[in-house]
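To start, the structure under review is shown below, and the notes come after it.
The values are calculated or read from the model by the stated rules, or taken from the named source; none is laboratory data. Small disclaimer: the values here were computed from a predicted structure and weren't measured. So basically every Cβ, Gly included, is an ideal-geometry build from the backbone, and we count neighbours across all protein chains shown. For the accessible areas, the whole protein counts, side chains as well, though only heavy atoms, and no ligand, DNA or RNA atoms are used. Shrake-Rupley method; radii C 1.70, N 1.55, O 1.52, S 1.80 Å.
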Amino acid sequence: RRRSWSRPPPLSQRCAARRCCIGEEAAGRRSGAFGAGGSPGSVRQRPGVPRRPSALAAHCGESCRRSSPGARSRAMATPAFRSTATATESAPYNVAVRPDTWFELSVQRWHALTLLVLVTLAFLTLCVILGLTLWAHRRARRRRAVPHYWENNGKSVKRGDDKLSRDYFDDSFPLTLEQRSALQDLMNETCGKADQAFRLIRAVRVESSALWLRYRRRVREICLARGLCEWQGEGEPRIRDAVEELDNPELSRFLSQRDMNSGACEAFLWLGTKPETALKLISAEKLQGSELVGNAARYGVGWYFAEDVSVAHSNAHSGEHLYSECYAMLLCRVALGHQHQVVDPASLRRDSDCSSDDSDSLQASPDRASSRVRDRISSAVSRWLGSRPAGALTEFDSTLAELKDREREFIVYDSRQVYPEYALIYETCAPAHLEHGMDPPNYWDHARSMIFGTSYPPYWMNARADSGTEFHDLFPAQRFKSTLQDLSRDTWKDKFTRDRLGSNGLPIPKGDPHNEMPAGIQILKCWRVENSDMWHRYRRYREGVQSMRGQCKELDIKTTSALRWHARRRLRAEVNEAYLWHGSKPAAVSAIATQGFNVDLSGTNVGAMFGKGAYFAECSSKADEYSRDDKEGYFEGCYALLLCRVALGEAQVLRKADYTAHERVGENQPFDSTVGDRESAVGTYREFVVPVPEAIYPEYAIIYERVAKRDPRAGS
């Protein structure tokens, strides 16, 4: 039974035992030791040689008996057999294995196999734990890559400067009313003048992966080069103390010190500027260094920051047109690093004065001239200190101007040490007026806004604002971006008119021999415009058309049919309200989204075929014909579209050109808009013309690029 379930012996042992058994059989035959049957099992015991029972020999002998006689005779005739038989005769013992050997070997092998499995499982468990730890560490690093309160928190900025990377973002998020109120309290808390107060009008947080990546790299360089930096003079700026004194949860959340690097002396500081510069920053345009320079006469060309908002306000400038009575302030993250403290600027001012030519060149290119400015100041500082050689100031990262009877200023000469996180537009007022709610802001015309209702679209961020609250914000419409992309694709037609220009600036020839007609557009960025003033005017006009016309004759519009149901239900069909495309250029989109359409400029680009008014299209390919790209700036080579709400009302349909069609449209006229139906006449497109800007609300601003037919994206 034991042999029936135990493992057979190895091949080498079986062969050795078989040779021994065959050798014994041959020796017995030669000596006549076999019995009458002549079987190998009756081998006689040799005298003087003790014999042990051998299970292996018995097993191999049984195999020998089962083998044929011819095979045994052939095997015994070989020289190897003779040598084996001779060795067997001279051997004192036969090959013997204990009966329990196979069981013990099996148990030992099972123990070895179990140990191997346990070691393998332990190694795999260790690998899994290590992998989870690395994953958690990487995820934590990604979360720490940008501030935790940003909307883009969780993204990695490793390739944040590559616009084609999924980690790239360039957004501006208007702050809520609670956050805006908290920032206004911070401004007045850090104001050093008792007779001055500030009323905040607009506040936007800038989230740019390219600017943030550049800033974090510079902070890392400072930490590696300087080690642990310390605050000079009176210590850390008092904005942090002001945040703690106000004890506002909203303020503590988005001005948190958790993301600040104390080793590089990182802090929030105020920087005064003008509204146009702040708007450029909000609209994600590139800022030149000279646009952020404050006072370049005291300590050279640089960025002048202050912990007192009244000092920063002295460097701010009022805006023009819409912001004629407003100022702008940037609340920036600044990595001051190793600071050079200045307490007496008299010698610095004498030695760091530049000629008029040098001053012009420094204002034109402050980044290139910053080293010369530092060298000039350093020579003066070395003579004043008496111990530092020329060029010693290059060992510092910033300048701390801590003069007697004056508020402190912080000057930075490298733009990479500055991240403009918050752009604020404000106006000044008396503290009593701000405290008791007197003297409403000059920026808003409340008498005009109070005659309107308080209803805003429910999906707006300012949907719950009351009638006394005015706003004009641009929110990134990331969730609606896929809907806009699908809408542009569904309303695109592979047809062009004489308004389509080729690469040479001339209309594309018939048949498009050079294949210049795009295959579609790829949306890069999109914003939703929330402007209370324009919405009130549009809403009032829409209700006036409905009360005057009642139920208008319905128009079948392609954009309305292609919209998803949740976007289509926003529109009022009784006044033929529709989403329509309008081609523009990136530089003009911000002005249109802020101030509305100027119908007096209609036709200046391609002409007014159906009279005066603002022209719109139901097909994105037609609106793309009117779009133009920027030749320079941040959106160089990109195009722009506006997706507008338009209240068409009762429309007149024309199939031929009529340059006086606007005379039959408007108040006390039979029509409210004009439809130029060239699609029925020649198979091209339909255009929609409205004569008044109140009939238009530009809700979505889109920046895009054209997709050529040979582009791999054309198929999708």
What trypsin sites (Lys or Arg not before Pro) does segment 455-503 have in DSSP loop regions with at most 16 other beta carbons within 10 Å? ARG464, ARG479, LYS493, LYS495, ARG498
Could you list the residues of segment 655-691 with an amide nitrogen less than 18 Å from a label point located 7 Å from the Cα of ALA588 in the Cα-to-C-beta direction? 687-691
Quick calc: nm separation of the 7 Å Cα→Cβ label points for ASP405 and GLU636 -> 5.0
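Past 22 Å, Cα to Cα: identify those pairs from LYS553/LYS622; LYS495/LYS656; LYS493/LYS558; LYS155/LYS481; LYS155/LYS525; LYS510/LYS709, in the order given.
Numbers: LYS553/LYS622 24 Å; LYS495/LYS656 19 Å; LYS493/LYS558 11 Å; LYS155/LYS481 19 Å; LYS155/LYS525 17 Å; LYS510/LYS709 17 Å.
Violating the 22 Å Cα-Cα cut-off are LYS553/LYS622.
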Which GluC sites (Glu not before Pro) in segment 641-716 pass both tests, a DSSP loop state and at most 11 other beta-carbon atoms within 10 Å? GLU667
Using a cut-off of 25 Å between alpha-carbon atoms, which lysines can reach LYS193, once sequence neighbours fewer than 8 places away in the same chain are excluded? LYS274, LYS404
For segment 570-674 the mean separation of alpha carbon contacts under 8 Å (6+ apart) over residue count, i.e. relative contact order in percent, is 36
Indicate the gyration tensor shape class of segment 657-705 (rounded, prolate or oblate), computed on the Cα atoms with a ≥ b ≥ c the square roots of the eigenvalues: a/c under 1.5 is rounded; otherwise a/b larger than b/c is prolate and the rest oblate. oblate
As a test question: what accessible area, to the nearest 10 Å², does THR660 have when a 1.4 Å probe is rolled over all protein chains in place? 60
Provide the FRET efficiency to the nearest 0.05 for the LYS709-GLU178 pair, computing r from the beta carbons and using R0 = 45 Å. 0.35
Find how much the distance from SER256 to ARG628 grows on full extension, using 0.36 nm per residue of separation minus their present alpha carbon separation; answer in nm with one decimal. 129.7 nm
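Hey, got a sec? Which trypsin sites (Lys or Arg not before Pro) in segment 166-218 land in a DSSP loop and have at most 16 other Cβ atoms within 10 Å? The partial results should precede the final answer.
On the way: sites: ARG166, ARG180, LYS193, ARG199, ARG202, ARG205, ARG214, ARG216, ARG217, ARG218; in loops: ARG166, LYS193.
Hits after loop and neighbour filter: ARG166, LYS193.
Contact order normalised by length for segment 143-260, with contacts defined as Cα pairs under 8 Å and 6 or more residues apart; what percent is it?
Details: 114 pairs, mean separation 33.5, N = 118.
Value for segment 143-260: 28 percent.
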At a threshold of 8 angstrom on Cα-Cα distance, excluding pairs fewer than six apart, so keeping six or more, what relative contact order does segment 640-716 reach in percent? 37
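Can you give the FRET efficiency for GLU554 and ASP494, using 1/(1 + (r/R0)^6), R0 = 25 Å, r = Cβ-Cβ distance, to the nearest 0.05?
0.35
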Where labels lie 7 Å past Cα in the beta-carbon direction, separation of LEU501 and SER561 in nm: 3.2
Using protein chains only and a probe of 1.4 angstrom, how many square angstrom of VAL545 are accessible, to the nearest 10? 10
With each label point set 7 Å from Cα along the Cα-Cβ vector, what nm distance links LEU134 and HIS514? 5.2
